[in-house]
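Chemist: Supplied in structure tokens, the structure appears directly below.
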Amino acid sequence: MIENLIWFLVVGLIAGWLAGRVFRGRGFGLIGNLVIGIIGAFIGGWLFDVLRLAPLLTLIAPFIVAFVGALVLLFVLNLIRR
């Protein structure tokens, strides 16, 4: 159980970092983007479940889900920040 949590956090951190790279200049700094990646992993999991895309994913799925969730969260936060 603790290994899954650690793996989830690592995936979220990587996804947040990558999302920050995509949103260059519009991110929230390194620490902010890492936190957004962790939250984005939750959002991505929920989003893929709602869209019924979860069964189509492979081994790289956690990274894709977390990355998409982080991108969505950064997009929404940037809209709100304007």
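Chemist: Is there a residue being farther than 13 Å from Leu73 by Cβ and crowded, with 17+ Cβ neighbours inside 10 Å anywhere in segment 1-11?
Modeler: yes
Chemist: Would you check which residues across segment 40-60 are part of a helix (DSSP H, G or I) and at pLDDT below 75 and list them?
Modeler: Within segment 40-60, Ala54, Pro55, Leu56 qualify.
Chemist: Ok, one more. If we keep just the residues of segment 1-39 that are in a helix (DSSP H, G or I) and among the charged types (D, E, K, R), which is nearest to Ala66 (Cα to Cα)?
Modeler: The qualifying residue nearest to Ala66 (Cα to Cα) is Arg21.
The values are calculated or read from the model by the stated rules, or taken from the named source; none is laboratory data. All values derive from a computational prediction rather than experimental measurement. Positions of Cβ are generated from backbone atoms using ideal geometry, with glycine treated the same way; all protein chains shown enter the neighbour counts.
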